[in-house]
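Input: a single structure, listed below in structure tokens.
Bear in mind these aren't lab numbers, they're just calculated from the coordinates by the rules spelled out. A quick note: this is a predicted structure, and the numbers were derived from the prediction, not measured. Cβ: placed from backbone, ideal geometry, glycine included. Neighbour counts: every protein chain shown.
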Amino acid sequence: MQTSSDLIERFGGAAKMAPLISVPANTIRQWAARDSIPARYWHAIIEEARKLGVRGINAERLASLAGSKKAARWPSAHPP
């Protein structure tokens, strides 16, 4: 799982994820398009993943997804 879209697909897509976390499917599709899930929804996502047995979704993973997007936008001033 390397992108927000990957995470959403682990739930079966936006339409299936939406009612689980009480968010409109279009909002979830926007997250996928932006490759960014707002932190205020992380707890609900983690809880639903736990209930459904969707593995690999936890706070560390969500933070990693958020961090990798920031890192891609702001490359190091000192390339390797």
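May I ask you to evaluate 6.51 cos²θ - 1.76 cosθ + 1.60, the Karplus curve with θ = phi - 60°, for each residue of region 11-16 and list the ³J(HN,Hα) values in order in whole Hz, giving x for glycine and proline?
Per residue, the Karplus-derived 3J(HN,Hα) values read 8, x, x, 4, 5, 7 Hz.
Whole-Hz Karplus ³J(HN,Hα) for region 35-52, in order, using 6.51 cos²θ - 1.76 cosθ + 1.60 and θ = phi - 60°, x for Gly and Pro?
Those phi angles translate into 6, 7, 10, x, 4, 5, 9, 4, 4, 4, 5, 4, 5, 5, 4, 4, 4, 8 Hz.
Of the listed peptides 6-12, 38-44, 25-31, what is their order by residue-averaged count of other C-beta atoms within 10 Å, with the highest listed first?
6-12, 25-31, 38-44
Could you give me the ³J(HN,Hα) list for region 21-32, computed from phi with Karplus coefficients 6.51, -1.76, 1.60 and θ = phi - 60°, whole Hz, x at Gly and Pro?
Computed from phi, the couplings for region 21-32 are 10, 6, 10, x, 4, 4, 5, 5, 4, 5, 4, 5 Hz.
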